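Just below is one structure, and these are the notes that go with it.
Each reported figure results from applying straightforward, stated rules to the coordinates on display, with no laboratory input. Here the structure is a predicted model, which means the values were calculated and not measured. All Cβ positions, glycine included, derive from the backbone under ideal geometry; neighbour counts span all protein chains shown.
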Amino acid sequence: MRRRSFLAAASCLPTVVRAQAVPRIAYFSGRSQATDAHLLEAFRDGLKSTGYVEGQNVTLEVQWADGRYADLAKLAPEVVATRPDLIVAVGGNPVAVAFKAATSTIPVVFGAGADPVAIGLVKNLNRPEGNLTGMTLWANELDAKRLDLLHDMLPKARKVAVLMNPENPGYAELLPRTKDVAGTLGLDLVLLAAASSSEVEQAFKSLPTVDALAVGADAFLINIRSRILRLAQERRLPGIFPAREFATDGGLASYGTRWADMYRLLGTYAGRILKGAKPADLPVLRPATYELVINLKTARALGLDLPPLILTRADEVIE
């Protein structure tokens, strides 16, 4: 009777859920799976280093915008409405800006090219003071450095085309800096402003005779790198690019960080936040190292004799 009475009383108690809910991450990239699948894997590696393994103790919901930045104002709130435990916003400054506008409560780990303070993502790099933190490439410094390296590779070049995306939130800060550096180097810049594939095509069609090409660090431009490389090759234009993938795919040179390393770090930040760290207490990171990659095969195809000093400075030379 006692046991029967105990069971009857217990059946009236509320059900206790002992299993802890598996945290859910919404991974949103402004670029495409075709170009950035390896970066997603790097993020998974970083996440795993903190003890989170997809399919075991964390769920990862992946979405690609495929360069449709005009749709971000609609897509970001849709992701927020699913109420994930964490959002990873990568693949371009516009992605991070869209999620900043879409939520002030869900933690967001971003990857940005521009100064995060200047484009309104955080108030302070060391103490972000909100629900966002992540990593910045500091593109304005890198784009200036790429022009300097291009000048060292091609000392006789005087007229250089610079391809940029005017819809990038960092564009207003980046353009004056690029012009200042070009003036210091004695370069005459031809600005190619393009925010869509058709505009890129048109920009190259209307391009006057120039000696070289520099491409700005922009997610959209990186996303269509195969098209940009084709257009540059048709014009036999030596160029310097913002990601090593350009150089490995046939571009003359690239200078920037190893994107995979950056995404691994973002994965570790995601894991730390899932374990209880607050974004406001995690400083915005900057890459510790940058690399110069030169495609010597492309240089020969273009009939270029690169200065020996620039080859010794390269972190990697593709034969």
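For the pair region 78-146 and region 235-282, the centres of their Cα atoms are 14 angstrom apart. Counting only residues at least eight positions apart within a chain, or on another chain, the lysines with an alpha carbon under 24 Å from that of K74 are K100. Overall form of region 135-252: rounded. Here a/c, set by the Cα gyration tensor axes a ≥ b ≥ c, is under 1.5. Among the listed pairs K145/K179; K159/K179; K48/K275; K123/K278; K159/K297, those whose Cα-Cα separation exceeds 18 Å are K159/K297. Largest first and in whole Å, the equivalent-ellipsoid semi-axes of region 73-153 read 29, 14, 9, each the square root of five times a Cα gyration tensor eigenvalue. Note on Q63 and A277: with the Förster distance fixed at 22 Å, the Cβ-Cβ geometry gives a FRET efficiency of about 0.35. Length gained on full extension, A73 to R235: 54.7 nm, using 0.36 nm per residue less the C-alpha separation. Taken one residue at a time, the phi angles of region 78-90 give Karplus couplings (6.51, -1.76, 1.60, θ = phi - 60°) of 5, 5, 4, 5, 7, 6, x, 6, 7, 10, 10, 10, 10 Hz. Gly and Pro are set to x. Would you work out if region 126-171 is rounded, prolate or oblate? Take a ≥ b ≥ c from the square roots of the eigenvalues of the alpha-carbon gyration tensor; rounded if a/c is under 1.5, else prolate when a/b is larger than b/c, oblate otherwise. It comes out oblate by the Cα gyration axes. Toward the positive end of the charge dipole of the chain, with +1 on the Cβ of Lys and Arg and -1 on the Cβ of Asp and Glu, the farthest Cα among F241, P283, A144 is that of P283. Coupling constants for region 92-103 follow from the phi torsions by the Karplus curve (6.51 cos²θ - 1.76 cosθ + 1.60, θ = phi - 60°), and in residue order they are x, 3, x, 5, 4, 4, 5, 6, 4, 6, 7, 8 Hz; glycine and proline get x. Against the compact-protein benchmark of 2.2 N^0.38 Å, the Cα-based radius of gyration of region 110-192 scales to 1.26. Here, P(r) means the percent of Cα pairs in each 20 Å bin from 0 to the largest distance; for the chain it is 31, 50, 14, 4, 1.
Averaging 1/r over every pair of different alpha carbons in region 9-151 and inverting the result gives a Kirkwood radius of 16.9 Å.
Residues I119, I310, ranked from the fewest to the most other C-beta atoms within 10 Å, line up as I310, I119.
Amide H contacts of V58 (H built 1.01 Å from N, in plane; Pro and chain starts excluded): V53 sit under 5 Å, all sequence-distant by 5 or more or on other chains.
Going from the fewest other Cβ atoms within 10 Å to the most, the residues Y255, Y52, Y171 appear in the order Y171, Y52, Y255. Shape class for region 159-206, computed from the alpha carbon gyration tensor (a ≥ b ≥ c): oblate, with a/c not under 1.5 and a/b at or below b/c. Taking the fewest neighbouring Cβ atoms within 10 Å as the starting point, the ordered list for D305, D36, D281, D218 is D305, D281, D36, D218.
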